[in-house]
Amino acid sequence: MSGSQVTGEFEIGYLYALTAAFIWATYSLGSKRIGSFPTAQVGSFGLVAGSLALVAHLVLENPVEITQIQWLWLVLLGIGPLGGSFYLWDYALKYGNPQRVGLIAFLTPLLSTIFALIATGQKLSLSLLLAAVLILGAALVGARGE
């Protein structure tokens, strides 16, 4: 299957991704309006979200067996890079310029793709190059309103 074909196989995943994007945007835009809560409380949000995801997995999917080492990696990822990014995002939105934080966030998919290409030894395709141009173009358009 090529990247441009839609088979009907992944629509629910796209729906979930769109829902997550709306939830994240609502949180990001509303975090200053909600009122003051300590950034440390973000960890409890992650715990609740993770618990709900685990329940959804058990209810909606065939359960998989997770080994002890996999649990260790899951916990380390949650505490380390994922948890850290949530704390830093919340702090940046509360104390920084939210528009600038959003513009900087445009670099995340671009940088992760570049790192993935380097790590896998793959070459830059025309579609990835076009995506990079679109990301940078969107960031430039967003920066004009800053």
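Test Thr113 against the criterion of being over 24 Å from Leu29 (Cα atoms), surrounded by 10 or more Cβ atoms within 10 Å (Cβ to Cβ) and within 14 Å of the chain's Cα centre (by Cα), and give yes or no. Judged against the criteria, Thr113 is a match.
If you go through segment 125-146 and pick out every residue that is outside any loop (DSSP other than H, G, I, E, B) and under 14 Å from Arg100 (Cβ atoms), you end up with 5.
Matching residues to (1) closer than 20 Å to Gly30 by Cβ; (2) surrounded by fewer than 13 Cβ atoms within 10 Å (Cβ to Cβ):
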residue: Leu76; (1), (2): no, yes
residue: Ile79; (1), (2): no, yes
residue: Leu82; (1), (2): no, no
residue: Lys94; (1), (2): yes, no
residue: Asn97; (1), (2): yes, yes
residue: Val101; (1), (2): yes, no
residue: Gln122; (1), (2): no, yes
residue: Ser125; (1), (2): no, yes
residue: Ala138; (1), (2): no, yes
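Taking the conditions exactly as written (in a helix (DSSP H, G or I), of a type in the set (S, T, N, Q), surrounded by 11 or more Cβ atoms within 10 Å (Cβ to Cβ) and without any contact (Cβ under 8 Å) to a residue 40 or more places away in the chain), does Ser31 satisfy them or not? Answer is no for this residue.
For segment 35-71, how many residues are in a loop (DSSP other than H, G, I, E, B) and within 18 Å of the chain's Cα centre (by Cα)? Working first, answer last.
Initial filter on segment 35-71 (in a loop (DSSP other than H, G, I, E, B)): 35-38, 61-67.
Now drop any that are not within 18 Å of the chain's Cα centre (by Cα), which leaves none.
Of the residues in that region, 0 qualify.
Taken together, Ile114, Ile66, Ile79, Ile104 contain a single residue that is farther than 23 Å from Ala17 by Cα, without any contact (Cβ under 8 Å) to a residue 40 or more places away in the chain and of a type outside the set (Lys, Arg), which is Ile66.
Every number in this text was worked out from the coordinates using simple rules, so none of it is lab data. Here the structure is a predicted model, which is why all the values come from computation and not from measurement. With ideal geometry, Cβ positions are generated from the backbone for all residues, glycine too; neighbour counts draw on all protein chains shown.
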